[in-house]
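Reviewing the structure listed below.
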Amino acid sequence: QVQLVESGGGLVQPGGSLRLSCAASGSIFSIYPMGWYRQAPGKQRELVAAILSGGIVNYADSVKGRFTISRDNAKNTVWLQMNSLKPEDTAVYYCKLTRHENNYWGQGTQVTVSS
């Protein structure tokens with residue numbers, strides 16, 4: 001079993017920054033693909049950024065140039081650095097890990113960008 005715990009969300013003004021973290025624990029014996037998703041009220045959950053076991057990263061077009069995903073394999077932790085935040089970034093952000101074709105999700109952390 002895999003458990004994911006996100007942290008770092010909060011309220012920021014437009015143009016501000018936040019850094020989210022996701023710590024994985026449990027049956028983790030290798031490096032697995034991990035990513036960040038977000039879901040705004042009334043909208044579907046969408047991919048924000050992903051990082052594969054080989055270090056390849058992917059970003060949603062809406063966050064390219066503003067967000068950076070990184071990981072510490074030894075700590076089984078992934079971060080999402082979010083800069084130049086916009087009101088449309090407001091959402092619950094979820095961490096995901098994929099192991100053996102199974103997806104594991106964290107509980108989510110709220111990010112609110114507002115004046």
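A few notes on this one:
- Dipole magnitude (debye, nearest 20) for the stretch 1-64, charges at Cβ of Lys, Arg, Asp, Glu: 100 debye
- Sequence-distant residues sharing a close amide H with ARG99 (under 5 Å, placed H): TYR104
- The label-point distance for SER114 and ALA40, in a model that sets each label 7 Å from Cα toward Cβ, rounds to 1.4 nm.
- Straight-line cross-link partners of LYS86 among the lysines, defined as a Cα under 26 Å from its Cα and at least 8 positions apart when in the same chain: LYS43, LYS64, LYS96.
- Counting charges near ILE31 (Lys, Arg +1; Asp, Glu -1) among other residues having Cβ under 14 Å from its Cβ returns a value of +2.
- In order along the stretch 57-69, the Karplus-derived 3J(HN,Hα) couplings, from 6.51 cos²θ - 1.76 cosθ + 1.60 at θ = phi - 60°, round to 10, 9, 10, 5, 4, 5, 10, 4, x, 10, 10, 9, 9 Hz, and Gly and Pro are given as x.
- Assuming charge only on the beta carbon of Lys and Arg (+1) and of Asp and Glu (-1), the dipole of the chain about its Cα centre is about 60 debye to the nearest 20.
- With a Förster radius of 35 Å applied to the beta-carbon distance between GLN3 and ASP61, the computed FRET efficiency rounds to 0.65.
- Our coupling estimate for the stretch 12-27, obtained by passing each phi through the Karplus curve with A = 6.51, B = -1.76, C = 1.60 and θ = phi - 60°, is 9, 7, x, x, x, 9, 9, 10, 8, 10, 9, 9, 9, 8, x, 7 Hz, Gly and Pro reported as x.
- Loop sites in the stretch 20-61: trypsin sites (Lys or Arg not before Pro), DSSP, at most 11 other Cβ within 10 Å: LYS43
- The phi-based Karplus calculation (6.51 cos²θ - 1.76 cosθ + 1.60; θ = phi - 60°) puts the 3J(HN,Hα) values of the stretch 43-49 at 10, 6, 5, 10, 6, 9, 7 Hz, whole numbers, x for Gly and Pro.
Each reported figure results from applying straightforward, stated rules to the coordinates on display, with no laboratory input. What you see is a predicted model; the values in this text were computed from it and never measured. Cβ: placed from backbone, ideal geometry, glycine included. Neighbour counts: every protein chain shown.
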